[in-house]
Structures are given as structure tokens and as C-alpha cells.
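So the structure is just underneath, and the comments pick up after that.
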Amino acid sequence: QVQLEESGGGLVQAGGSLRLSCAASGRTFNHYSTTWFRQAPGEEREFVAAVSWRDDSTDYGDSVKGRFTVSRDNVKNTVSLQMDSLKPEDTAVYYCAVRSGPPYRDMAMYDNWGQGTQVTVSS
């Protein structure tokens with residue numbers, strides 16, 4: 001079992017940037033695909049971005065493509081989500097999740113989750 005902890009959330013103005021980090025303990029990220037999801041109040045949890053365990057290939061949700069970048073640092077054992085050009089609609093709790101094998105956009109495919117970190121973008 002791997003324990004995940006997100007950090008880096010906060011309050012930022014529209015157009016600004018934040019960098020989220022997902023740290024793992026118990027196992028290293030190179031055993032897992034890692035995916036970021038987010039959930040806004042009253043909304044379903046939404047796929048944001050993923051990085052594959054096999055080759056570091058990435059996938060992005062349409063709403064963040066071109067603005068967000070997911071990357072893995074095997075030395076620090078973290079996966080980061082660089083968020084640029086933030087919009088008020090990016091406001092949500094952001095979660096990282098891992099699974100063995102390829103990443104999926106479906107949250108039901110994950111059973112290892114962090115506690116989440118709040119991101120608030122003001123207009």
C-alpha cells in the first residue's frame with residue numbers, strides 16, 4: 001500500500017500559477033501510474049492529468065490541456081502538477097491517485113488516494 005499526500009494548494013488570482021505536489025511513502029512512483037483529479041463543490045470528481053508508470057507519457061483533460069503540466073521526479077519520489085493561466089473554474093480540491101498499470105480517466109479504477117489540497121482561483 002502506498003500513502004499519498006498532496007501539497008501546494010492555495011489562493012491565487014486568475015492568470016496566476018500554482019504547483020501541486022504529490023508525495024508517496026511506502027512505494028516509489030515508478031511502480032505506478034499517477035493521476036490528478038479535482039472536485040468542485042457540488043460537482044463530480046473530474047479527471048485532470050495523468051502520467052504513465054511505463055514511459056512517462058502524459059494525458060490531460062480537455063479543460064486543462066495547454067495550461068497544466070504533469071511530471072514525475074523519481075529522485076524526490078513526487079509527481080507534480082504545474083498549473084498556469086489559472087481560471088476561476090479551476091477552483092476545486094485536487095487529489096492525486098495511483099494504480100499499477102496504465103492510467104485511466106475513470107476514478108473508479110483507483111483505490112489509492114491522497115487527502116486532497118484546495119485550490120482557489122479568484123477573478
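The values are calculated or read from the model by the stated rules, or taken from the named source; none is laboratory data. Note that the structure is predicted; figures quoted are calculated from it, not measured. All Cβ positions, even for glycine, are placed from backbone atoms using ideal geometry, and neighbour counts span all protein chains on display. Note: accessible area is taken over every heavy atom of the protein model, side chains too, but ligands, DNA and RNA are not part of it. Shrake-Rupley method; radii C 1.70, N 1.55, O 1.52, S 1.80 Å.
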Practice problem: With a bin width of 5 angstrom, please list the P(r) values of the chain as percents of all Cα-Cα pairs, from the 0 bin to the one holding the largest distance. | Solution: 2, 13, 24, 27, 20, 10, 4, 1
Exercise. Using DSSP to define loop residues, name the GluC sites (Glu not before Pro) in segment 1-89 whose beta-carbon has at most 10 other beta-carbon atoms within 10 Å.
Key: E43, E44
Quiz item: In square angstrom, what is the accessible area per residue of segment 67-113 with a 1.4 angstrom probe?
Solution: 47 Å²
Self-check item: Cβ-placed point charges (K, R +1; D, E -1), dipole of segment 31-103 about Cα centre in debye, nearest 20
Solution: 220 debye
Quiz item: Once amide H atoms are placed 1.01 Å from N in the peptide plane, what residues at a sequence separation of 5 or more from T78, or on another chain, have their amide H within under 5 Å of its amide H?
Solution: D73
Quiz prompt | Farthest positive-ward along the chain dipole, Cα basis, beta-carbon charges - from Q1, N77, G114 | solution = N77
Quiz item: Over segment 43-111, what is the relative contact order in whole percent, taking alpha-carbon pairs under 8 Å and six or more residues apart?
Solution: 30 percent
Quiz item: Around D56, with a cut-off of 14 angstrom between Cβ atoms, what is the net charge of the other residues, counting Lys and Arg +1 and Asp and Glu -1?
Solution: -1
Practice problem: Assign unit charges at the C-beta atoms only (+1 for Lys and Arg, -1 for Asp and Glu), then state the dipole size of the chain relative to its Cα centre in Debye, rounded to the nearest 20. | Solution: 260 debye
Exercise. Of the DSSP beta bridges with both residues in the chain, give the percent that are antiparallel, rounding to the nearest 5.
Key: 90 percent
Quiz item: Could you give me the ³J(HN,Hα) list for segment 68-82, computed from phi with Karplus coefficients 6.51, -1.76, 1.60 and θ = phi - 60°, whole Hz, x at Gly and Pro?
Solution: 10, 9, 9, 8, 10, 10, 6, 6, 7, 6, 9, 10, 10, 10, 7
Practice problem: Starting at the first residue of segment 28-38, write each ³J(HN,Hα) from the Karplus equation 6.51 cos²θ - 1.76 cosθ + 1.60 with θ = phi - 60°, in whole Hz, x for Gly and Pro. | Solution: 9, 5, 6, 8, 9, 7, 10, 10, 9, 10, 9
Quiz prompt | the chain - percent relative contact order, Cα under 8 Å, separation 6 or more | solution = 36 percent
Quiz item: Can you list the residues of segment 87-106 with backbone N under 20 Å from a point 7 Å past the Cα of D56, pointing along Cα to Cβ?
Solution: 97-104
